[in-house]
Amino acid sequence: MTESARVIAADVTARRRSAVEIARATLAAIDTRNPTLNAFVETFSERTLAAAEIIDRRIAAGESLPLAGVPVALKDNLCLGPDLSTPGDGLGFGGRTTCASRILEHYRSPYTATAVQRLIDAGAVIVGKTNLDEFGMGSSTERSIFGPTRNPHDPTRVAGGSSGGSAAAVAAGLVPLALGSDTGGSIRQPASHCGVVGLKPTYGRVSRFGLVAYASSLDQIGPLAANVADAALALDVLVAHDPLDATSSTRVAPRWGTELNSPAAPRRVGIPRQARGPGVHPGVAATLERALERFRAVGAAIVEIDLPLTDHAIAAYYIIATAEASSNLARFDGVRYGRRAALAEGESLLDLYCRSRGEGFGDEVKRRILLGTHVLSAGYYDAYYATAQKVRRRVHDDYARAFMDCGVILSPAAPAPAFRLGEKTADPLAMYLEDVFTVGVNLAGLPAAVVPAGVVQAGGASLPVGVQLIAPAFEETRLLAAAATLEQALAA
Amino acid sequence: MPTVVSSTTIIGLEVHVELATRRKMFSAAPSPAHREFAEAPPNTLLDPVVLGLPGALPVMNRAAVEMAMLVGLALGGKVAPVTRWDRKNYFYPDMPKAYQISQYDQPLCVGGLVEVPAADAKGFPDLDAPATRVRIVRAHLEEDAGKLLHEAPGGGVMEGSILDLNRAGAALLEIVTEPDFRSAEQVVLFAKLLRATCRFLGVTEGVMQQGHVRFEPNINCELTLDDGRTVRTPIVEVKNLNSFKAVRGAIEHEAREQPRRWMDDGRVMGPGTKTTRGWDDARAVTFIQRGKEDAHDYRYFPDPDLPPLTIDDAWREKVAARLGELPLDRLRRYVTRSGLPTKEAFALIEERDTCLFYEAVAAGLIALGMEEGRAGKVAANWVLGACAARANERGAQPHEVGIKPTTLAALGKLREDGRLNNQGTETLFARLCDAPTQAAPATDALAAVEHLAGELGVLVVRDDAAMAAWVREVLDANPKVVEDVRGGKAAAVGRLVGEVMKRAGGKADAKAVREALLAAIGIREPS
C-alpha cells in the first residue's frame, strides 16, 4: 500500500518523522523491489539523503513546505541539472537524462526542468529517474535501452507506457508521487494498468521547459499518485506561469489540494457512445458501468454523448505527433552532445549523422521519425499534416459540443487491462490502439484524470483497471472534484 | 542558332539584417549583434536554448518584433494582424536544433514600395533623374545560424572544423523585393539606402564587415534574339554578399555570363532551373554552390512551441509613432530646400544621432533669424566640417564632440554675421567643445557665446574709422603690391589683408578687410 504524500508532508512538517529516515526507507525499498520491477533507471542515494537532510533543517528552521520530505520519482525525460537540488545548497544530483535512448545514454543536463524545480522548492526529495518508452514513444515501457518495466500486480505484464516506470514506482509503494509526461495517454494508460491515479493537466498548465520534447503541441507533464488528493497537491505545486515556456498559461491557478475535502459531485456525467464499442474488454466495460453506477448513486445524471471522431483522432494523432517528433528529434545528430558514432577512415559528415542516428535510436523512434518526415514532405503536407490539423480542430469542437451536455466525460483509459510483455511489440498498430481513448484529450488540450476503478481477472491474474474523467480546458477544479467523488464512492 | 541582340538584367533582392537587440530572437542569451557583446569571445553567448539542448524552449523577443515592424513600416509595408512562426528543417552543424525558426506563409510584414532614386556617376542619389519603383514582397523574422570555421583562426590548415555558436539564434530580419531592379547601380543604391534606413531606425549596427547586413540578389537576363524572340535565362541566386562592392560585382558578373551560358547550353528559366552561386571576392567571379538536383525540402510547419502572434492596432501605432521622418525624405529635403550636394545630404542621414544634431543646429540658426535654406547649408558645413574633423581625431561621431547644437548655432550665426573671424571662431569652437555649456535655447546660447567671445577678446572690432586709416596706411606703404592687384593679380591682395589684420591686432574680420582694401584700390569683386 502506497503511503500518502500528504501524510508524509504532515509528519515531516510536525517532525514526527524526518525526511532523512523517509528517504532512507524509500531507497531501501527501491533496492529490494527494483531488480524485479525495473521501474527506476537511476537512483541518487547519497545526494537524495543530503537533500533530505536539508529539508529537515529547513523544517527545523520553521519553513513551511507543502511537499516536505515527500520522495518523488521523475520520468527520465525530465531534465535534472547538477547543482540545483535544493535552494542554496549547491548540491547536485547530476543525474543523466536519457529518455531511455542510446543516443542520450550518457547525457547530463546542465539545467533543471521548471516543473522539477518547483517540486524541489516545495520540499520534495528527488530519489531517482524512472523508465519509459524511448522518448515517450510507446504504450508499454518495453522500448527502453534499460529493458522493460514490469507491472507490480503481475511481473509478466507491462506497466503501460510511456510513463510506465513512474506508474509502477507509485503502484509498488516505492514513492508516493512521481512525475510523468502525457503526449497521447502516457500518464493515464499506465496509471490505469498499474492501479494508480494519473493526472494530465490542461495543455499549458504545467511548464514544459526541461521536458525533452516528443510532440510539443501535445506533451504535458503531470503527476502520478496513490490518490486524487495527492495528485491535486502536486498540481498545486506544479502549476504556475513560466516565462521560459511560450505555451505556458498565465491563468491564475486555484488551490486544488485544499478544495477537495468535500468534493461536489458532478451534476451531469457524459459517457461517449464510442466508449461502449466492441473493442472494449468485458472487464473494462464492467468497470466503466460500475463507475457510472456510483456517479448515479451520488446524484449525477448520466448522459450519452457522441465523439464521432474517436477513430480518426488516433490517425490524426499519429500524424501530428510524428511530424513534430521528426523535427524535435533532428537535433540528436551526434555533433554537439549525446552519442557520436565512431567514423571509419574517409567517412563524411553525412556518415556521422547517419551512423549516430542509426545506432542511437531504437526501431519505434526511427519508425516515427520516418513517418513524421514523410507527412511533412513536399507534396504530402496537405494530404497528411494539414488534414490531421483539420481533424484536430474538429475533435476539439466535438468535445466543446459534448461539454454543452455534461460537466465531465467518463470513458475507459485503455481498451483492456495490462497485456503481457512482448505481446504487442511486433504489432505497432495494435500498440497504437492502446491510445484510442486517450489521444483525443491531447489533441483538444483538455485536462483528464485516471482513477483506479476495479480489478479484473485476466489470465489468472488480478489486474487493476482505471477509468478516465475528462473536463473542459482549465477546469481542473471540476475534474478533481469528480475524480475525488468517484474515488470516495468506490471506496464506500 | 540565333544570336543575342541585347540583354536586360532582372534582379530581385533578399536582404538579411541582423537586429541589434540585447538578447537573441528566442532566448535570453546576449546577442553579438548588440554593440555591448560584439567583442565577446567565441562560444560565450550561449544558453540551453541557443545550444538546442534537450528540453529547452524558444520564447519570442518582443524588441526584435518591434524593430522588424519599424523597418516594414518604413518600407511602406503593412504589419500583419496575426503572424506565425514556422520551423524550417535541415541538418547543418552550425544550427543546433537542426531547424531554423522562421516565418513561412504568414510573415510579420507584407508588401511595401520604395522609390529608389537614380544613382549618379559616383553612386550617390540623383534626385533629378527618374526613380525606380521597387516593390517589397515581405519582411519576416528568423534566427541566425552559428559560424563554422574550416581554417584555423588567422588562416592556415586545421584538422576538422570549429564552431562558434555566438551568432546562433541572433535575431535576423529578412527583406525580399520583387525583381524590379534592372542594374547593379540601382541595387547598390537601394542596398545603401536600406542600410542607412535601418541604422537610422536604430535596428542594426549595420557593420558590413561583421555581416550585420547581407545581400542575396536573384539575377537573370531577358535576351532579345536576332530572330525577334525573347528568352529568359535561369535564375541565379548569389548567397551571402556582405559588401556593396560584392553586390555590384556579382550582378555585373552574372549580367555578363548569363547570355554566354545560354549560348552554350540553351537553358532557359523554368521550374527547377534555379541555381545557387557563391561570390569569390578575390577573383571577382561567382561559382556554383548548389544545383537544382540538391534542392532542399525544408518541411516547413508551424512551430508548436510558439503561439501565433497577434499585433493589435494599439501596439502597431505605438511602434509607428517611433518612425518619424524617414532618412530618404530628410535627404530629399536637405537637397531641395538647402541645396546640399547629395553626397553631403547622404552623409548626414547615415547616423541618426548625427542627423538629429544637424537638424537641431539648423533649427537654432533659424531661431536666430537665418533663412531656412541658408541655415541648412551653414549647419551642414559645421557638422560635416569642424565637428566631423574633431570627431575623426577622437574616434567619435560628429554629434559627440561636446558642443551643444544651439551653442553651435550661436557660433555659426556670429561667424556668418562677421562678428568672428576664422581664428576667433576656431578658438571659440575648441573652447565650447572642451568645456561644453548647458543646453539652452538658441537666443540664450547666442548671448552666452557672445559674452565668452568678449571675455576671450575674439570679437571682431567694428571701428570703421580705424579700419579706413589702416587701409590707407597699408596701401601707402605697399605701392608695388597695389600695382600688382590693379594689374590683375587679385591674389596679391592677401598680403595687404595680412598687414591690416596685424594693425588690427587680429580682431578684424578678414573678409571685411579684403572688401575695404579692394574698394579703396578701386576694384569691385564679383560677389
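Which members of the range A:416-435 meet the condition of being at pLDDT below 95 and either open to solvent by less than 20 Å² (accessible area, probe 1.4 Å) or more than 22 Å from A:Gly459 (Cβ to Cβ) (or both)? Correct list: A:Pro428, A:Leu429, A:Met431, A:Tyr432, A:Glu434, A:Asp435. Has the range A:233-240 got at least one residue that is open to solvent by 20 Å² or more (accessible area, probe 1.4 Å) and either within 14 Å of chain B (Cβ to nearest Cβ) or farther than 17 Å from A:Ile8 by Cα (or both)? Checked the range A:233-240: at least one residue is open to solvent by 20 Å² or more (accessible area, probe 1.4 Å) and either within 14 Å of chain B (Cβ to nearest Cβ) or farther than 17 Å from A:Ile8 by Cα (or both).
Scanning the range B:492-512 for residues that are touching a residue at least 24 places away in the same chain (Cβ under 8 Å), in contact with a helix residue (DSSP H, G or I) (Cβ under 7 Å, 6 or more places away or on another chain) and among the charged types (D, E, K, R), we see that the one that is surrounded by the most Cβ atoms within 10 Å (Cβ to Cβ) is B:Glu499. Taking the range B:45-64 as the range and being within 13 Å of another protein chain (Cβ to nearest Cβ) and either within 22 Å of the chain's Cα centre (by Cα) or assigned to a helix (DSSP H, G or I) (or both) as the test, only B:Arg62 passes.
Within the set B:Leu432, B:Leu475, the sole residue that is closer than 30 Å to B:Arg394 by Cα and either charged (D, E, K, R) or surrounded by 12 or more Cβ atoms within 10 Å (Cβ to Cβ) (or both) turns out to be B:Leu432. Residue count for the range B:213-246 under the criterion of being within 20 Å of B:Phe346 (Cα to Cα) and crowded, with 19+ Cβ neighbours inside 10 Å: the result is 2.
Among the conditions (1) open to solvent by less than 50 Å² (accessible area, probe 1.4 Å); (2) under 29 Å from B:Arg495 (Cβ atoms); (3) assigned to a helix (DSSP H, G or I); (4) in the same structural domain as B:Leu365 (by TED's automatic domain parsing), B:Ala410 misses just one, which is (2).
Of everything in the range A:272-301 that's in a helix (DSSP H, G or I) and among the small types (Gly, Ala, Ser), which residue is most open to solvent (accessible area, probe 1.4 Å)? This residue is A:Ala297.
Can you name the residue in the range B:293-317 that is more than 14 Å from every other protein chain (Cβ to nearest Cβ) and surrounded by 12 or more Cβ atoms within 10 Å (Cβ to Cβ) and, of all such residues, is nearest to A:Tyr381 (Cα to Cα)? Ranking the qualifying residues of the range B:293-317, first place goes to B:Ile311.
Please specify each residue of the range B:127-144 satisfying the condition of being touching a Phe, Trp or Tyr at 6+ places or on another chain (Cβ under 7 Å) and not β-branched (Val, Ile, Thr). B:Glu143 - this is the single residue of the range B:127-144 that is touching a Phe, Trp or Tyr at 6+ places or on another chain (Cβ under 7 Å) and not β-branched (Val, Ile, Thr). Pull up the range B:25-44, narrow it to residues that are open to solvent by less than 10 Å² (accessible area, probe 1.4 Å) and either under 30 Å from B:Val187 (Cβ atoms) or not in a loop (DSSP other than H, G, I, E, B) (or both), then point me to the one that is nearest to the other protein chains (Cβ to nearest Cβ). Among those residues, the one meeting the criterion is B:Met25. For A:Leu74, the conditions (1) at pLDDT 95 or above; (2) farther than 18 Å from A:Ala9 by Cα; (3) assigned to a helix (DSSP H, G or I) all hold with the exception of (3). Every test in (1) among the aliphatic types (A, V, I, L, M); (2) open to solvent by less than 60 Å² (accessible area, probe 1.4 Å); (3) touching a residue at least 60 places away in the same chain (Cβ under 8 Å); (4) within 14 Å of chain B (Cβ to nearest Cβ) is passed by A:Ala265 save one, and that test is (4). I'd like to check something: does the range B:134-145 contain any residue that is at pLDDT 95 or above and assigned to a loop (DSSP other than H, G, I, E, B)? Yes, the range B:134-145 contains a residue that is at pLDDT 95 or above and assigned to a loop (DSSP other than H, G, I, E, B).
Quick check, is A:Leu463 under 18 Å from the mean Cα position of the chain (by Cα) and open to solvent by less than 10 Å² (accessible area, probe 1.4 Å)?
No: the conditions fail for A:Leu463.
If the condition is being over 22 Å from A:Ala215 (Cβ atoms), open to solvent by 70 Å² or more (accessible area, probe 1.4 Å) and among the hydrophobic types (A, V, I, L, M, F, W, C), then the range A:344-379 contributes A:Leu349, A:Leu350, A:Cys354. Applying a threshold of 8 Å to beta carbon distances and a minimum spacing of six or more residues, or different chains, the list of pairs starting in the range B:475-491 at a residue that is touching a residue at least 40 places away in the same chain (Cβ under 8 Å) and ending at one that is open to solvent by less than 40 Å² (accessible area, probe 1.4 Å) reads B:Leu475/B:Val482; B:Leu475/B:Leu496; B:Leu475/B:Leu517; B:Leu475/B:Ile521. Among residues of the range A:407-424 that are of a type in the set (Phe, Trp, Tyr), those with a Cβ under 7 angstrom from a residue that is open to solvent by 10 Å² or more (accessible area, probe 1.4 Å) and in a strand (DSSP E or B), sequence gap 6+ or separate chain, pair up as A:Phe419/A:Arg157. Quick one: is B:Glu115 open to solvent by 10 Å² or more (accessible area, probe 1.4 Å) and closer than 30 Å to A:Gly346 by Cα? Taking the combined requirement at face value, the residue does not satisfy it. Let me confirm something: among B:Gly72, B:Gly76, B:Gly52, which residue is touching a residue at least 12 places away in the same chain (Cβ under 8 Å), small (Gly, Ala, Ser) and farther than 25 Å from B:Ile175 by Cβ? Only one candidate qualifies: B:Gly52. Residues that are within 14 Å of chain B (Cβ to nearest Cβ), open to solvent by less than 10 Å² (accessible area, probe 1.4 Å), touching a helix residue (DSSP H, G or I) at 6+ places or on another chain (Cβ under 9 Å) and in a loop (DSSP other than H, G, I, E, B) within the range A:179-218 comprise A:Thr183, A:Val206, A:Ser207, A:Arg208, A:Gly210, A:Val212, A:Tyr214, A:Ala215, A:Ser216, A:Leu218, listed in sequence order. Of the residues making up the range B:249-260, those that are open to solvent by 60 Å² or more (accessible area, probe 1.4 Å) and free of Cβ contacts under 8 Å to residues at least 40 places away in the same chain are B:Arg256, B:Arg260. Checking each residue in the range B:82-94 for being facing another protein chain (nearest Cβ under 9 Å), over 18 Å from B:Met60 (Cα atoms) and touching a residue at least 60 places away in the same chain (Cβ under 8 Å) picks out B:Asn89, B:Tyr90, B:Pro93. The residue pairs whose first member lies in the range B:119-132 and is surrounded by 14 or more Cβ atoms within 10 Å (Cβ to Cβ), whose second member is among the hydroxyl-bearing types (Ser, Thr, Tyr), and whose beta carbons are closer than 8 Å, counting only pairs six or more residues apart or on different chains, are B:Asp120/B:Thr342; B:Phe124/B:Thr342; B:Pro125/B:Thr342; B:Asp126/B:Thr342; B:Leu127/B:Thr336; B:Leu127/B:Thr342. Residues in the range B:270-289 that are assigned to a loop (DSSP other than H, G, I, E, B) and either buried (at least 16 other Cβ atoms within 10 Å of the Cβ) or in contact (Cβ under 8 Å) with a residue 12 or more places away in the chain (or both): B:Gly270, B:Gly272, B:Thr273, B:Lys274, B:Asp281, B:Ala284.
Taken together, A:Ala378, A:Ala330 contain a single residue that is assigned to a helix (DSSP H, G or I) and within 23 Å of B:Tyr298 (Cβ to Cβ), which is A:Ala330.
The values are calculated or read from the model by the stated rules, or taken from the named source; none is laboratory data. Predicted model, so just to flag it, every value in this text is computed and none were measured. Neighbour counts run over all protein chains shown; Cβ positions are idealised from the backbone, glycine included. The protein model used for the area step is the full one, side chains on, heavy atoms only, and it has no ligands, DNA or RNA in it. Shrake-Rupley method; radii C 1.70, N 1.55, O 1.52, S 1.80 Å.
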